[in-house]
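To keep things clear, I will list the structure first and then write my remarks on it.
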Amino acid sequence: MKTQKIPMRMCLGCNEMKPKKELMRVVKSPEGEISLDFTGKKNGRGAYLCKSSQCFENARKARRFEKSFSCRIDESVYEVMADELRKETENG
C-alpha cells in the first residue's frame, strides 16, 4: 500500500517544520484583511503558526507576519488575532 505524503509547514513563531494539520493558518485576503483561519480554507495568502500564544508572540515581536505578507500590520489587528487565539485554545 502506498504511504500518504503529509504536507509540512513552518511555524512563524518557532521556525519548526510541523504537519499542516497541527498548525493554524493566518491569512491575508485579496482585500488586504488579515485574520486567523482555523479551517484552513479561506481565500488568500497564508502563513502558518503553532496553536500557542508563545509562538504568536514570537512571530509578532520578530515582525514575521509583516515579512510574510509584505505589508504593515496595525496593532489592533494583532489584538484581535490574540483574542481569537485565546478563545480557540480555551474551547479547543
Residue pairs within 7 Å by beta carbon, gap of at least six or interchain, first lying in the range 61-80 and under 19 Å from Pro30 (Cβ atoms), second surrounded by 12 or more Cβ atoms within 10 Å (Cβ to Cβ) and of a type in the set (Val, Ile, Thr), listed first then second, are Phe65/Val26; Phe65/Ile73; Glu66/Ile73; Phe69/Ile34; Ile73/Ile34; Val77/Ile34
Hits in the range 52-70 - residues which are within 11 Å of the chain's Cα centre (by Cα) and among the hydrophobic types (A, V, I, L, M, F, W, C):
Cys55, Phe56, Ala59, Phe65
Of the candidates Ser29, Ser68, the one satisfying the condition of being over 16 Å from Thr89 (Cβ atoms) and touching a strand residue (DSSP E or B) at 6+ places or on another chain (Cβ under 6 Å) is Ser68
Taking the range 1-34 and keeping residues among the aliphatic types (A, V, I, L, M) and outside any strand (DSSP E or B) leaves Met1, Ile6, Leu12, Leu23
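For every residue, the table says whether it meets (1) surrounded by 12 or more Cβ atoms within 10 Å (Cβ to Cβ); (2) outside any loop (DSSP other than H, G, I, E, B); (3) touching a helix residue (DSSP H, G or I) at 6+ places or on another chain (Cβ under 7 Å).
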{"residue": "Leu36", "(1), (2), (3)": "yes, yes, yes"}
{"residue": "Gly40", "(1), (2), (3)": "yes, no, no"}
{"residue": "Ala47", "(1), (2), (3)": "yes, yes, yes"}
{"residue": "Lys51", "(1), (2), (3)": "yes, no, yes"}
{"residue": "Arg60", "(1), (2), (3)": "yes, yes, yes"}
{"residue": "Arg72", "(1), (2), (3)": "no, no, yes"}
{"residue": "Glu84", "(1), (2), (3)": "yes, yes, no"}
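Every number here is computed from the coordinates shown, using simple stated rules; none is lab data. Predicted, not measured: the structure shown is a model, and the values here were computed from it. Neighbour counts run over all protein chains shown; Cβ positions are idealised from the backbone, glycine included.
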